[in-house]
Amino acid sequence: MKPYRPPSEPHPVREKFAQARKELSSSLIERDEEVDLVLTALLANEHVLLVGPPGCGKSLLLDSVLSWTGGTKFAILLTKFSVPEELVGPVSLTGLKEDRYVRVTAGKLPEADFAFIDECFKGSSAILNVMLKILNERTFDVGDGIVRKVPLKLCLGASNEWPSPETGKELSALFDRFLLRRAVSPIRSQPGRQRLLWTRDHTPKLSTTISPIEVEDARRAAATLTWSKEAKESLEVILKELSREGVQPGDRRQFKSVTAVQAFAFLNGADEVLPEHLEVAQHCLWDDPQEQPQKVSQVIAKIANPTGMRVTQLLLEVESVLGATDVRNLAEAAKAAAKLGEIDRQLSSMPGNGRLEKARVYLKDQLKKLKLASIEAI
Ligand SMILES: Nc1ncnc2c1ncn2[C@@H]1O[C@H](COP(=O)(O)OP(=O)(O)OP(=O)(O)O)[C@@H](O)[C@H]1O
Ligand SMILES: [Mg+2]
């Protein structure tokens, strides 16, 4: 095994993650957070679930990440007619002739380093049970009674809807196996929509690839990041406040969120975990997808004030100001320009990061367009 490399030294695999993050985010429209989530999951050795309406880019992102990783891959689209053989391989005929009931797992989930399971809640109870064991325990018994470790490092799940609370035990258990879970929304901004319409190919062009060994190397380096005192305190306060609000993620979720936050800090090029890296915990620390994610995100923003979350909130404000303004009405346009100027002042007072810079460029562009449109209207 390779020795640990302290994260403060240049880390070539970290550079690869940074490059892939940039390339994925620049092709996929308004998917920065989803890109971060998937790369964080990869660094944390955890599974990730994206839930969103048809056609919002989930498969494009997940397929792109799988095209970046080397190793053995497995992808499947589940339907209620899918059978376990499609996931774990058929029973061996040669084995049967010898009175042995074993599966041939070549090319299937038990042999995959990286997996993408589309419509992951659609499978039958038998399928869900098989998946549950592989995702959770990362082991599989081909039928000979020997439980073997599977190489799986990351399972990417996608679905059009959250499993409802009335669904069976297997579904809720499988849902819980995804440490990082996020609702994906359709494109919100006007420039984003224009890019969607007038660019014919949104497939990210990735200049690197990453092997399972490199992923493991990065995971171990990320796990050595220490937590600053402030970040530790913030996480404890967040959990207390969440419990007061009636959000009590299970102990396993709380425990694993520590690794996810470390992974996110590593992805951000940090040498130690700071309160702002707690942003990613908003995707771990809840159980019920209906109201809890929003509550958790607000509590984390309030206590740890992560820049990224504040930027997202301010950008949503920009969209609502623009959406409510008739640019031909000079008084309205002036009011909107003043509001955008105020948002820009708030952005400029925040500690810099990539998303912040992008947000400021976007805001300046919108302000310019707003002014031009109202001049034209005179
Ligand atoms: N945010 C986005 N950025 C870039 N392209 C997008 C985006 N959203 C949708 N598209 C375009 O729409 C196509 C369809 O997206 P995709 O198949 O990834 O959706 P999906 O979320 O997986 O849908 P489904 O739930 O039906 O499987 C993409 O290949 C891409 O061209
Ligand atoms: Mg899809």
For the stretch 12-198, what does the convex hull of the Cα positions come to per residue, in cubic angstrom?
131
Cα centroid separation - the stretch 329-378 against the stretch 238-303, whole Å
31
Percent antiparallel among DSSP beta bridges with both residues in the chain, to the nearest 5?
15
Once phi for every residue in the stretch 58-73 is put through the Karplus expression 6.51 cos²θ - 1.76 cosθ + 1.60 (θ = phi - 60°), the whole-Hz ³J(HN,Hα) values, with Gly and Pro written as x, are 4, 5, 4, 5, 5, 5, 5, 5, 5, 6, 7, 7, x, x, 8, 10
Sequence-separation-based contact order of the chain, relative, with Cα cut under 8 Å and 6+ spacing, percent:
19
I'd like to check one number: the per residue accessible area of the chain, probe 1.4 Å, reported in Å² as a whole number.
49
Name the residue, out of 240, 122, 22, whose mean-square fluctuation peaks in a Gaussian network model built on the chain with Cα pairs under 10 Å.
240
Which listed pairs, of 295/369; 169/205; 22/73, have C-alpha distances above 29 Å, in listed order
295/369; 169/205
Where Lys and Arg each count +1 and Asp and Glu each count -1, what net charge lies around residue 202 among other residues with Cβ under 11 Å from its Cβ?
+3
Highest-fluctuation residue, 26, 257, 92 considered, GNM on the chain with Cα pairs under 10 Å
92
Going residue by residue through the stretch 214-230, the Karplus relation 6.51 cos²θ - 1.76 cosθ + 1.60 with θ = phi - 60° gives ³J(HN,Hα) values, rounded to whole Hz and with x marking Gly or Pro, of 5, 4, 5, 4, 5, 4, 5, 5, 4, 5, 8, 4, 8, 8, 5, 4, 5
Would you kindly compute the Cα radius of gyration of the stretch 225-305 and its largest Cα-Cα separation (Dmax), both in Å?
11.7, 35
Report the gain in length on full extension from residue 26 to residue 94: 0.36 nm times residue separation, minus Cα-Cα distance, nm rounded to one decimal.
19.5 nm
Heavy-atom accessible surface of the chain: percent carbon and sulfur, 1.4 Å:
55
Rounded to the nearest Å, what's the spacing between the alpha carbon centres of the stretch 46-79 and the stretch 102-178? Just the number, please.
14
Add -39500 (n - 2.57) for each DSSP H run of 4 or more in the chain, then divide by its residues: what number comes out at 222 nm, to the nearest 500 deg cm²/dmol?
-17000 deg cm²/dmol
For the stretch 225-305 the mean separation of alpha carbon contacts under 8 Å (6+ apart) over residue count, i.e. relative contact order in percent, is 40
Interchain or sequence-distant (5+) residues whose placed amide H lies within less than 5 Å of the amide H of residue 92 are 102, 103, 104
Could you state the angle between the C-alpha long axis of helix 307-323 and the longest principal axis of the C-alpha atoms of the chain, as a value from 0 to 90 degrees rounded to the nearest 10?
60
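The values are calculated or read from the model by the stated rules, or taken from the named source; none is laboratory data. Quick caveat, the model's predicted, so the values are computed rather than measured. Don't worry about glycine lacking a Cβ; one is built from the backbone with ideal geometry, like all the others, and counts go over all protein chains shown. Heads up: the accessible areas ignore ligands, DNA and RNA and are worked out on the full protein's heavy atoms, side chains in. Shrake-Rupley method; radii C 1.70, N 1.55, O 1.52, S 1.80 Å.
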